[in-house]
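Participant: If you scroll down you'll find the structure; I have some questions about it.
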Amino acid sequence: MGIFDFLSGEFIDVIHWTDDTRDTMVWRFEREGHEIKYGAKLTVREGQSAVFVHEGQLADTFMPGLYMLETNNLPIMTKLQHWDHGFRSPFKSEIYFISTRRFTNLKWGTKNPVILRDPEFGPTRVRAFGTYTVKVSDPGLFLQEIVGTDGEFTMDEISFQIRNIIVQEFSRVIATSGIPVLDMAGNTADLGRLLAERISDTIAAYGLELPELYIENISLPPAVEKALDERTSRGVVGSLEEHMKYKAAEALGAEGGTAGAAMGAGMGAGMGMQMGGMMMGGAGPWGARPTPPPPPVEHIWHVADKGETKGPFSKAELGQMAASGTLTRESWVWTQGQDGWQKAEDTELAQLFTVMPPPPPAE
């Protein structure tokens with residue numbers, strides 16, 4: 001240190017901080033032995049605050065302004081230390097300058113997708129990212145809880161912790177909001193405000209606040225996005241028949257000029273109608289197909305025998321019974337939908353007895 005610097009340090013002591021890094025939150029004023037002369041000038045600029053730490057204990061906090069470090073400006077420090085020589089001797093303290101401006105354009109995002117229950121898609125997953133702004137609201141508390149004795153504390157050292165808090169609260173907010181996925185884009189502003197309110201209590205314990213938080217995008221898994229794109233495409237195309245006619249005419253027109261376009265329009269119309277009819281279930285002359293009748297209903301039958309109900313039997317089983325003589329024309333039978341018991345010969349079972357050969361002729 002030169003003689004001029006030595007004399008300047010003896011006659012006047014100026015303490016200030018000029019920040020040109022744009023990401024430094026806390027900077028400690030360095031002085032050999034941490035000696036600060038009584039009566040020194042302290043300059044605290046706008047967007048800054050200065051915190052005095054004496055013998056490891058937080059002493060005073062100074063907001064923007066110019067201060068002469070004298071007894072009337074150091075009421076707490078005069079209680080912490082008995083001053084000698086009429087408060088004129090140097091005192092050893094650490095001075096931390098803390099930036100109170102807003103740190104903007106900080107990024108956050110969900111590392112893993114958040115699972116939620118959507119009213120339209122059911123259980124699904126979403127991702128989100130955005131930006132936020134952070135600001136020191138309580139310099140003393142921030143120094144005690146986060147910085148400690150770090151001589152140069154940058155935003156990167158706390159941003160990871162804040163991002164974790166944002167993502168955790170976002171998962172809770174988005175899972176309980178009840179907002180459909182397709183409507184989230186129109187509610188990002190409200191979700192951002194709600195998310196900032198949820199986070200404010202947590203980071204206030206660090207001496208910080210979030211003046212702004214923005215949700216820039218909420219995205220779905222690729223498979224769900226593909227399904228949405230296909231649904232949108234179908235809506236844009238409109239009539240499949242008209243779309244097919246247009247595409248066929250366009251293709252043939254490109255090959256044959258004006259004549260080809262006219263021919264393509266006619267052929268495209270036919271092809272479009274044919275393909276449209278085939279895809280719409282045969283609604284056209286090329287795709288018309290007869291609809292087969294419904295299969296016959298197989299009845300299940302019950303037989304009354306000596307006051308007891310036997311069954312159920314299928315028609316095939318009754319045929320075997322008729323062949324063996326167990327079932328006769330006079331047997332009482334019933335099936336679902338029939339109005340009471342009827343004789344077998346009065347129902348559709350009568351055909352079981354017609355296939356039997358007539359009695360043999362008399363010799």
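The values are calculated or read from the model by the stated rules, or taken from the named source; none is laboratory data. Values in this document were obtained by computation on a predicted structure and should not be read as measured data. Because the Cβ atoms are built from the backbone with ideal geometry, glycine has one as well, and the counts that use them run over all protein chains shown.
Okay, residues lined up against (1) under 30 Å from Val136 (Cβ atoms); (2) of a type in the set (Asp, Glu):
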| site | (1), (2) |
| --- | --- |
| Glu169 | yes, yes |
| Pro180 | no, no |
| Ala185 | no, no |
| Leu194 | yes, no |
| Ile203 | yes, no |
| Ala223 | no, no |
| Leu228 | no, no |
| Thr232 | no, no |
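Participant: Would you be able to say whether some residue in the stretch 141-164 is free of Cβ contacts under 8 Å to residues at least 60 places away in the same chain, more than 22 Å from Leu58 (Cβ to Cβ) and either within 17 Å of the chain's Cα centre (by Cα) or assigned to a loop (DSSP other than H, G, I, E, B) (or both)?
Facilitator: For the stretch 141-164, residues free of Cβ contacts under 8 Å to residues at least 60 places away in the same chain, more than 22 Å from Leu58 (Cβ to Cβ) and either within 17 Å of the chain's Cα centre (by Cα) or assigned to a loop (DSSP other than H, G, I, E, B) (or both): present.
Participant: What do you reckon, is Leu194 more than 19 Å from Lys111 (Cβ to Cβ) and modelled with pLDDT under 90?
Facilitator: yes
Participant: In the stretch 103-140, how many are part of a loop (DSSP other than H, G, I, E, B), surrounded by 15 or more Cβ atoms within 10 Å (Cβ to Cβ) and touching a Gly at 6+ places or on another chain (Cβ under 9 Å)?
Facilitator: Residues meeting the conditions: 2.
Participant: Can you tell me which residues in the stretch 301-311 are surrounded by 14 or more Cβ atoms within 10 Å (Cβ to Cβ) and over 12 Å from Ala344 (Cβ atoms)?
Facilitator: Residue satisfying the conditions is Gly311 alone.
Participant: Sticking with this structure for a sec: With respect to the numbered conditions (1) out of contact with any Asp or Glu (no Cβ under 8 Å at 6 or more places or on another chain); (2) closer than 30 Å to Thr232 by Cβ, which one is the sole condition not fulfilled by Arg163?
Facilitator: Evaluating Arg163 over (1) out of contact with any Asp or Glu (no Cβ under 8 Å at 6 or more places or on another chain); (2) closer than 30 Å to Thr232 by Cβ leaves (2) as the failure.
Participant: Residues in the stretch 197-209 that are within 13 Å of Lys135 (Cα to Cα), of a type outside the set (S, T, N, Q) and part of a helix (DSSP H, G or I): how many?
Facilitator: 2
Participant: Right, next: Considering only the stretch 178-201, I want to know if a residue exists there that is polar (S, T, N, Q) and in contact with a helix residue (DSSP H, G or I) (Cβ under 9 Å, 6 or more places away or on another chain).
Facilitator: no
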